[in-house]
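The values are calculated or read from the model by the stated rules, or taken from the named source; none is laboratory data. Computed from a prediction, not measured in an experiment: that's the story for all the values here. Glycine also receives a Cβ, built like all others from the backbone with ideal geometry; neighbour counts cover every protein chain displayed. Quick note on the areas: whole protein, heavy atoms, side chains included, nothing else; ligands and nucleic acids left out. Shrake-Rupley method; radii C 1.70, N 1.55, O 1.52, S 1.80 Å.
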Amino acid sequence: IVMPQGPRCLNVSRISALLLRSCFLYATVFGVITFGIERQEDSRLVARDRKGYRWFCVITRLLASFFYAYSYEAWAGQYAEEWYLRAFFVLRLAGCLICSAIILVMQVWFAEELLGLVNTHLELFRRLKALTKGGEKSGFGGCHELVLLSFKAMSLLFVFMAFRLQLSPWILMTIVCDFYTSISTGMIMHFCFIGYLSVGILYKDLNNYVDGQLRAQLGSVNCEQSSRKAVNNLDKCLALYEDIHQLTRRFQRLFDLPLFLTLAQSLSAMAMVSYHAILRGQYIFSLWGLVIKLLIDVVLLTMSVHAAISGSRLVKRLSLENFYVTEDKSYHMKMDLFLGRLNHQELRVRPLGLFEVSNELTLFFLSAMVTYLTFLVQYGMQSRPV
């Protein structure tokens, strides 16, 4: 007996949506997301600005950042003799303050553009759902997205596992400000992960529809009415492809510099923390857990980017130019223009044009990290007194 697969996939999609909603609340609590998602009477989801909460988060972030920078010498002075730890804390301080400044700039001057991006995402999902007649499907992606979001949730929860409560008011205030500022800094990478994961889902669902339902509609055209319906659906698909590409370009322009900074900070932090742990023989959960968390964040980002890039490239392999629909020359000209733009609209994620975020980048960094750790272990063994 073969059991139907629909309910299981539906549950997977809903669990992914629940994890996504949890990440949204997580970012809202830490003052990075200041807008709310509302459901209108026609069941549309719309992002609304909450100005009061946004300005509360702006003031809170300013105070936390100032106190975090002011108390730097108090908690970093104990590492004055360790040059690499000193360098690590200086780099961490600079990275957190710069990323906090970027978040403040986005919340104050780019709030409307961020809202526009979110609403465009929601509108594209609604249009795609209406096109594919996915009324019974409510959720976010499938099994692949569920796995990625599950690892992202574990990465977000790690910071609470490593948090240690202190009784001293000054130390507690310092830790809380550091906690608030550093988590907000990491949210930039989480935003990019969710953004590219959403783009990948849009491309995947649209490609599946074109390769399946639309191809069948075009292959069974036998009258003027069915031809008109097929042309209409193909027009909607072409418009969706173009809008997804434009959305990705807007997203990249806004998060290009923040993505570069958070990637540079994460990769350098992994190297410095592992250097300290190996040379000092401190094989403890908080240090190596931090290294693993940062590595998971980078790997998840590259996997979401890879899914988006693969979906954008798959459009060329669907052979839309071979779909026979009508003899109308204007329609064929429209199709030729669309296919011509595909050659110039290839999705590539290159922060500041310095390197390409891809699975190859992860493999390159992992190989360099293994070589680096091997060298540190050998150096540590040779430097120990016999």
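Among the residues of the range 1-27, not one is at pLDDT 90 or above and more than 20 Å from Phe151 (Cα to Cα). For the range 15-43, the set of residues classified as closer than 23 Å to Gly142 by Cβ, touching a residue at least 12 places away in the same chain (Cβ under 8 Å) and out of contact with any Leu (no Cβ under 8 Å at 6 or more places or on another chain) consists of Ala17, Ser22, Phe24, listed by residue number.
Among the residues of the range 184-219, just one is of a type in the set (Lys, Arg) and crowded, with 19+ Cβ neighbours inside 10 Å, namely Lys204.
Looking only at residues of the range 58-85 that are of a type in the set (Ser, Thr, Tyr) and at pLDDT 70 or above, we find that the one that is surrounded by the fewest Cβ atoms within 10 Å (Cβ to Cβ) is Tyr70. Identification of helices (runs of 4 or more DSSP H) wholly contained in the range 281-386 with 1 or more residues that are open to solvent by 90 Å² or more (accessible area, probe 1.4 Å) and at pLDDT 80 or above yields 285-314, 359-383.
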